[in-house]
Structures are given as structure tokens and as C-alpha cells.
1. Please list, ordered by chain and number, the residues whose modelled amide H lies under 5 Å from the amide H of Gln330; skip anything fewer than 5 residues away on the same chain.
2. With θ taken as phi - 60° and the coefficients 6.51, -1.76 and 1.60, list the Karplus ³J(HN,Hα) couplings across segment 121-135 in order, rounded to whole Hz; mark glycine and proline as x.
3. Would you tally the net charge around Leu71, using a Cβ to Cβ cut-off of less than 10 Å, leaving Leu71 out, and scoring K and R as +1, D and E as -1?
4. For the chain, give me the percentage of DSSP beta bridges that are antiparallel, rounded to the nearest 5 percent.
5. At 0.36 nm per residue, minus the direct Cα-Cα distance, what do Glu344 and Arg73 gain on full extension? Give it in nm, one decimal, please.
6. Rg to Rh ratio, the chain, alpha-carbon atoms and Kirkwood radius?
7. Apply the Kirkwood formula to segment 317-454: the hydrodynamic radius equals the inverse of the mean of 1/r over all pairs of different alpha-carbon atoms; give it in Å with one decimal.
8. Skipping prolines and chain starts, which residues have an amide H placed within reach, meaning under 5 Å, of the one on Ala356, given they are 5 or more residues away or on another chain?
Amino acid sequence: MTDTIWASKELAGWGRLPVVRSLCTRLERRSDAFEALADRDEQSLAAHGLGRSYGDAALLDEGRVILTRRLDRMLEFDESTGWLHCEAGVSIGDLIDVFLPRGWFPPVVPGTQFVTIGGAIGCNIHGKNHGHAGCFGDHIRQIELLCADGQIVTCGPEENPDLFWATVGGMGLTGLILSAQIQLYPVESGAIEMETIRFDSLDEFFAISADSTDYYHTVSWIDCLRSGSTMGRGVFMRGRHAPSGADDELSPGLVGRLSNLAQSLVDGRALQSNHLLNKATIRLFNEAYFHSHPAGVHRSTVACEPFFFPLDAVANWNHIYGDRGFLQYQVVVPEKQAMAHILELIAHSGMASFLAVIKEFGDADHGGLSFPCAGTTLALDFPNYGPQLFDLLDRLDEIVVDVGGRVYLGKDARLSAENFRRMYPQWQRWKSVRDQWDPDGVFQSDLSRRLQLT
Ligand SMILES: Cc1cc2nc3c(=O)[nH]c(=O)nc-3n(C[C@H](O)[C@H](O)[C@H](O)COP(=O)(O)OP(=O)(O)OC[C@H]3O[C@@H](n4cnc5c(N)ncnc54)[C@H](O)[C@@H]3O)c2cc1C
């Protein structure tokens with residue numbers, strides 16, 4: 001008999017769609033993980049970090065969920081090489097708080113700092129530097145994994161490599177990550193030298209992107225409501241860490257000013273309704289945002305937070321979509337023409353995405369369930385418009401499948417098992433490794449059940 005406390009709790013991903021109820025236990029120390037595994041009453045388990053995956057990847061309706069955030073100890077750091085050993089509940093934000101003052105930065109960061117190391121490995125996250133640095137998994141040399149049989153197995157590119165690559169991007173389905181060894185990289189300052197460039201079409205976006213290979217970080221906002229000759233207009237952002245001393249010259253930038261305004265609207269609940277986020281208001285926002293960037297190249301030096309994590313400045317911004325939640329749809333397609341087709345369909349659909357981000361990935365592709373591969377990725381946030389949105393996304397899936405592209409599972413809440421298999425042709429190989437380590441399906445999630453992976 002063990003002391004694990006399981007409490008019934010409502011849980012959701014960042015899109016708040018779906019919302020489920022599960023028996024949850026919060027780990028305070030590693031030993032709690034062994035107890036939770038032993039004390040699960042024969043039920044399946046899902047790991048849940050900071051819940052920043054959008055859909056059902058970290059959920060298990062009516063099942064048991066292990067909350068990992070408090071497993072947040074830094075275990076060992078080598079100041080001469082940047083190798084860090086830390087527990088899986090440490091967040092990217094924790095790493096920046098502790099190590100940026102000492103001249104080190106995480107190798108890959110997503111669009112929010114509120115993700116745990118376990119979540120970053122589980123989704124094999126990518127950042128604005130995919131072309132230069134690959135994915136998070138490329139910077140890990142060892143993972144400690146609590147496997148379904150109660151053993152701790154260490155794996156890395158050299159040791160148990162099959163298990164390692166099935167765990168990197170494995171959506172928490174190979175076991176519970178307890179700790180990892182991560183390579184941080186040296187920076188002279190926290191400031192980013194940034195350039196913004198307005199572009200008027202998708203072709204221009206691709207041209208600027210091709211011309212930006214010297215910039216370590218690139219990303220663009222795109223106006224998804226435009227069709228015809230201005231389809232794909234937007235704002236390109238590229239940057240690199242600034243030399244030492246640059247922290248003294250930071251400008252708050254447009255992002256800082258906009259986030260203050262957005263926070264007051266969210267706090268006042270003025271935006272917390274799907275009705276206020278409609279095509280007309282999104283069109284107004286897009287118009288204003290596009291024209292707030294004058295034509296030409298603009299240079300500024302900004303803090304790393306507004307550059308990497310602009311949305312983090314607005315607490316609980318996911319609540320602006322109201323009770324119905326929202327869907328993030330992120331795809332990668334290897335053909336430029338397919339991206340044009342996708343944008344055209346969205347523009348004509350009558351449904352608008354509030355946030356839209358486009359960028360080109362590098363070549364790094366880890367197979368298995370990992371998302372990034374060579375091509376162009378587009379991420380869209382749609383208010384939950386209901387069945388017409390699901391129909392649109394099904395049609396977009398077809399375009400993606402036809403050109404050999406993928407939907408990002410870390411953002412997904414609705415992909416069919418059939419389309420998943422067409423998008424991730426290496427799923428069987430991944431599953432055979434996974435089944436070897438967890439033959440009875442101890443680790444599951446609503447996503448793994450929906451995609452018939454477990
Ligand atoms: C605003 C925003 C911007 C984002 N930008 C990006 C981006 O640029 N690039 C990108 O790749 N992603 C991005 N994401 C998605 C996010 O980075 C990933 O979903 C990440 O996995 C979330 O981490 P988490 O700690 O919240 O994990 P959760 O959402 O809690 O879990 C994600 C997955 O990891 C598994 N998991 C978590 N902890 C463990 C553990 N200890 N052991 C085993 N499995 C575990 C879960 O079971 C689940 O399958 C963004 C999300 C948001 C909200």
C-alpha cells in the first residue's frame with residue numbers, strides 16, 4: 001500500500017478543447033513517480049507538464065494523470081561546457097531565469113516559456129532556429145525514463161537509441177521522463193538584434209526567407225484573410241543574440257505596447273467571447289498590425305521575451321476564445337504550392353484565424369511521431385466555429401496528406417487515425433519500439449487512443 005493521493009480534477013490543453021476530468025497526482029519528488037506507477041489501480045497513466053500542448057496529448061479522460069511540474073530540481077551544471085542535468089518539470093522559463101544571467105540560453109525555445117523539459121522532449125519542440133539548431137531532441141544526451149515495468153532506463157543517442165528516439169517526440173507514450181541532460185548554448189546577452197520586414201505576398205515571404213539564412217532565428221506573422229494578389233502578406237522577423245552590453249539599449253517595441261493593451265482587455269473580460277473574435281474584428285486587427293510596420297527593413301534591439309514569447313506577456317490569453325475553446329492547426333508541407341492552396345482555402349472559408357505564423361523549417365527530421373521536417377510550417381488559431389471548422393480542417397488535411405506533409409500532434413485535437421497514418425508513415429516502426437517497452441499500454445493519452453496508437 002502506498003501514499004499516492006489521487007484527486008479528481010478538470011484538465012484541458014491550452015486550446016481548452018476538450019476539457020476532461022481525471023484522477024491526478026502531483027509529483028513532489030522522484031520517488032512519488034514510482035509510487036504513482038505502483039498505485040494506479042491497473043489504470044493507464046498520462047504525463048502532464050504545463051499543459052501547453054493545445055489538444056488532448058496530455059489528457060486522459062476518466063483516467064489517471066501524473067502532474068510533473070514540481071519535479072523541478074536543477075541537478076548538475078558544467079559551467080565550462082554548458083551541459084545541464086535537470087528534472088523533467090523544470091520549465092524553459094526556469095532555465096532562462098537561472099542560466100541567462102550566467103551567459104547560457106536553452107538550445108531551442110518554443111513560442112512560450114511555460115513548457116516543461118518533459119513536454120519539450122515529448123513533443124520534440126522546434127523553435128525559430130530549426131534551420132540552424134534542429135529540434136529540442138538534438139540537444140539531449142541522456143534521458144532518465146521510468147518505464148512501464150517500474151525500471152528506470154537511461155537512453156540517449158548512444159545508449160538505447162531506439163528508445164531514445166521513440167521518446168523524443170513520443171508524446172509521453174514510452175514512459176515518464178524523470179530527468180534529462182541538455183546542452184545549453186553560450187550567449188553574450190539576453191538582447192536580440194531584430195529586423196522586421198513587411199512583405200506583400202507569399203512569393204515575397206519565400207524570397208526573404210531564402211535571404212535570411214545568416215539569421216539564427218526567423219519567424220513571420222501572416223494575414224490569412226487576404227486572397228488574390230495580396231494573399232500571404234505579412235511581417236517577417238529575424239534576429240540573433242546581441243553582443244554584450246546590448247541589454248542596456250532595449251526598446252519596448254510594438255509587441256510590448258500591444259501586449260499591455262491585450263492584457264487589459266483580457267483582464268476586463270472584454271475579449272472573452274467568440275462573438276467578439278469574428279472575421280470583421282480579425283480583419284481590423286490584421287489591417288492595423290500590417291500597417292503598423294512601415295515598408296522596408298527596420299532594426300531594433302529587444303529583450304528576448306518579446307522576441308521569443310510575445311504571447312506570454314498576456315496571462316491566460318487562451319481564455320479570450322470563451323467557453324467553447326479554440327483549435328490550433330499547425331502543418332508542415334514540403335511544397336510551396338500546397339501552402340498557397342491552403343491559404344486560398346482558408347481565405348475563402350469565411351473562418352478567420354486570429355493568430356497566424358509561418359516559417360520555413362530546416363532539414364532535420366527525426367521520424368517516429370516527431371513533427372518537423374523540411375518544408376514550410378503554418379500555425380493557425382481558430383475559434384471553435386463548430387462543424388464547419390472541422391470540415392475545413394478535414395479538407396486541409398487532404399492537401400497536406402497529398403504532398404507528404406503533417407499535422408503537429410502537440411497542437412492537435414481532431415486528426416483522424418487514418419490521416420495520422422498517412423502523415424506519419426514511420427508510425428509502425430515507432431509503435432514496435434514503444435510496444436517493446438510498454439506491452440500492456442500503461443502510458444496512454446486521449447490523443448493516443450484517438451489515433452489508435454495505444
Ligand atoms: C503560446 C504557445 C506557443 C507554442 N509554440 C510552440 C513552438 O514554437 N514550437 C513547438 O514545437 N511547440 C510550441 N508550442 C507547443 C508546446 O511547446 C508543446 O506542446 C510542449 O510539449 C508543451 O509542454 P508542456 O510542459 O506544457 O507539456 P504538456 O502539454 O503537459 O504535454 C505535452 C506532451 O508531453 C508529454 N509529457 C509531458 N511531460 C512529460 C514527462 N515528464 N514524461 C513523459 N512525457 C511527458 C505529455 O504526455 C504530452 O504528450 C506552443 C504552445 C503554446 C501554448
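1. Leu380, Tyr408
2. Each residue of segment 121-135 in turn: 6, x, 9, 6, 5, 10, x, 6, 10, 4, x, 9, 10, x, 10 Hz.
3. Values: positive: Arg26, Arg29, Arg30, Arg69, Arg70, Arg73; negative: Glu28, Asp32, Asp72, Glu87.
Within the 10 Å Cβ shell, the charges total +2.
4. Details: 67 of 76 bridges.
In the chain, DSSP labels about 90 percent of beta bridges as antiparallel.
5. On the way: separation 271, 0.36 × 271 = 97.56 nm, distance 4.75 nm.
Value of the extension gain: 92.8 nm.
6. Working: Rg = 21.2 Å, Rh = 22.4 Å.
Using Cα coordinates only, the ratio equals 0.95.
7. Roughly 15.9 Å, rounded to one decimal.
8. Those lying under 5 Å, H to H, from Ala356 are Ile222.
The values are calculated or read from the model by the stated rules, or taken from the named source; none is laboratory data. Since we're looking at a predicted model, the values are computed, not measured. Glycine gets a Cβ as well: all are built from the backbone with ideal geometry, and neighbour counts include every protein chain shown. Note: accessible area is taken over every heavy atom of the protein model, side chains too, but ligands, DNA and RNA are not part of it. Shrake-Rupley method; radii C 1.70, N 1.55, O 1.52, S 1.80 Å.
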